[in-house]
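A.B. asks: Dumping the structure here so I can ask a few things about it.
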Amino acid sequence: MNAPEFFAAYPIFPCADIMRAAAYYQDILGFNVNTVSPDKNYAIVERGNVELHLDSPVFAREHTVGNAECYIWVQGDIDALHADFASRDALHLHPVADRLYEMRDFSCCDPDGNRITFGAQIQHGA
């Protein structure tokens, strides 16, 4: 028997107000709002191959709003992405920096305090 192959993971961020969170991801972080449940208690936003799920307290029973995070790998100019987010007033935007783990990255938060870190692999000799 072949072992199942993992092919995707979708972080779920607990949010107090799904529509406010979805608007932030769209207007500030450049995501597209893909899906909103009819009761507005769940939404999916996406940008490129990245999909984030936004979950209201109705569904996230044992999860605290604003207590989630994820790391998004980026191909391209991470400094330009940081500058774009800064121009849109991204919340709790940290400076971009080279890390010991061979990534250049920065983080920001959504309106509920969930943290998203964006990083690009450091290119040596480029």
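A.B. asks: Find me the longest stretch of the chain that has none of the exposed chymotrypsin sites (Phe, Trp or Tyr not before Pro), where exposed means in a DSSP loop (not H, G, I, E or B) with at most 10 other Cβ atoms within 10 Å.
C.D. replies: Result, exposed sites excluded: 8-100.
A.B. asks: Compute the signed sum of charges (Lys and Arg +1, Asp and Glu -1) over the other residues within less than 14 Å, Cβ to Cβ, of residue 76.
C.D. replies: -2
A.B. asks: I've got another one for you. Longest span of the chain, sites excluded, free of trypsin sites (Lys or Arg not before Pro) in DSSP loop with at most 15 other C-beta atoms within 10 Å?
C.D. replies: Value returned for the longest uninterrupted segment is 1-39.
A.B. asks: Charges at C-beta only: +1 for Lys and Arg, -1 for Asp and Glu. How large is the resulting dipole of region 7-126 about its Cα centre, in Debye rounded to 20?
C.D. replies: So the magnitude is around 80 debye.
A.B. asks: Report the local net charge at residue 96: Lys and Arg +1, Asp and Glu -1, summed over other residues whose C-beta lies under 14 Å from its C-beta.
C.D. replies: -3
A.B. asks: Can you tell me the orientation of helix 78-87 relative to the chain, as the angle in degrees between its alpha-carbon axis and the longest Cα principal axis, to the nearest 10?
C.D. replies: Its long axis makes an angle of about 50 degrees.
A.B. asks: What does the accessible area per residue of the chain come to in Å², with a 1.4 Å probe and no ligands, DNA or RNA counted?
C.D. replies: 63 Å²
A.B. asks: Return the Cα extents of the chain along principal axes one, two and three, sorted largest first, each rounded to a whole Å.
C.D. replies: Principal-axis extents of the Cα atoms in the chain, largest first: 51, 51, 24 Å.
A.B. asks: Where in the chain is the longest stretch that carries no GluC sites (Glu not before Pro) classed as loop by DSSP and with at most 15 other Cβ atoms within 10 Å?
C.D. replies: It runs 6-61.
A.B. asks: Okay, next question. Whole percent per 10 Å bin, from 0 to the bin with the longest distance: what is P(r) over all C-alpha pairs of region 1-60?
C.D. replies: Result, from short to long distances: 24, 48, 18, 9, 2 percent.
A.B. asks: Return the calculated 222 nm mean residue ellipticity for the chain, to the nearest 500 deg cm²/dmol, obtained by summing -39500 (n - 2.57) across DSSP H runs with n ≥ 4 and dividing by the residue count.
C.D. replies: About -4500 deg cm²/dmol.
A.B. asks: Over the chain, with every protein chain in place, what whole percent of the accessible area is carbon and sulfur at 1.4 Å, could you tell me?
C.D. replies: 52 percent
A.B. asks: Please give me the summed charge of the neighbours of residue 10: other residues whose Cβ is under 12 Å from its Cβ, Lys and Arg +1, Asp and Glu -1.
C.D. replies: -3
The values are calculated or read from the model by the stated rules, or taken from the named source; none is laboratory data. Note that the structure is predicted; figures quoted are calculated from it, not measured. All Cβ positions, even for glycine, are placed from backbone atoms using ideal geometry, and neighbour counts span all protein chains on display. Note: areas computed on protein heavy atoms with side chains; ligands, DNA, RNA excluded. Shrake-Rupley method; radii C 1.70, N 1.55, O 1.52, S 1.80 Å.
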